[in-house]
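Take a look at the structure set out below.
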Amino acid sequence: MKRSRSICEAFGLWGLHIIPTQTWTTIRSVRWTPPRVGQWKLNVDGASQGNPGPSGGGGILRDSIGCILFAFSNFYNIRTNIEAEVMAIRDDLLLCEEQNITNIVLEYDSKVLVDMLRADSCPHWRLKNI
């Protein structure tokens, strides 16, 4: 008879680790919201396992009814979280430029990058050449 594995054991087999915590958070529903008619929405994310560490990023471009025009993902080698986020945004915008797509709503989750764009500054020397 085969022994069934717990969720924690199964995650361990895939190299995933669960770290139990004492704090509880409220779960809230998050969903994609479409852009206005005539616009495109570009959702982008980048991440790093460690800071720096192996990193990657990707994105997806959809129209106002949710139809996907393109999606991509890339491995960026050893980078910081912010570098991976910036590289994913750059790659997505280059794909839009190649396909002559304009009127884009860019959506990403990095408050650090939002603050830098709003301030029109790039204080991080590594980001200036990306």
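Each reported figure results from applying straightforward, stated rules to the coordinates on display, with no laboratory input. Quick caveat: nothing in here was measured; it's all calculated off a predicted structure. With ideal geometry, Cβ positions are generated from the backbone for all residues, glycine too; neighbour counts draw on all protein chains shown.
Report the net charge of residues surrounding Ser48, where surrounding means a beta-carbon distance below 10 angstrom and charges are Lys +1, Arg +1, Asp -1, Glu -1.
Net charge in that neighbourhood comes out at -1.
Over the alpha-carbon set of region 33-127, work out the extent along each principal axis and list the three values in angstrom, largest first.
38, 29, 24 Å, listed from the longest principal axis down.
Would you kindly state how much longer the chain becomes between Leu106 and Leu93 on full extension, computed as 0.36 nm times their sequence separation minus their alpha carbon distance, in nm to one decimal?
3.8 nm
Quick check: net charge around Gly38, other residues with Cβ under 15 Å of its Cβ, Lys/Arg +1 and Asp/Glu -1?
+2
Any idea how far apart Asp63 and Val114 come out in nm if each label point goes 7 Å out from Cα toward Cβ?
2.9
Could you list which residues have their amide H under 5 Å from that of Leu106, counting only those 5 or more apart in sequence or on another chain, with H placed in the peptide plane?
Sorted by chain and number, the residues that satisfy this are Leu42.
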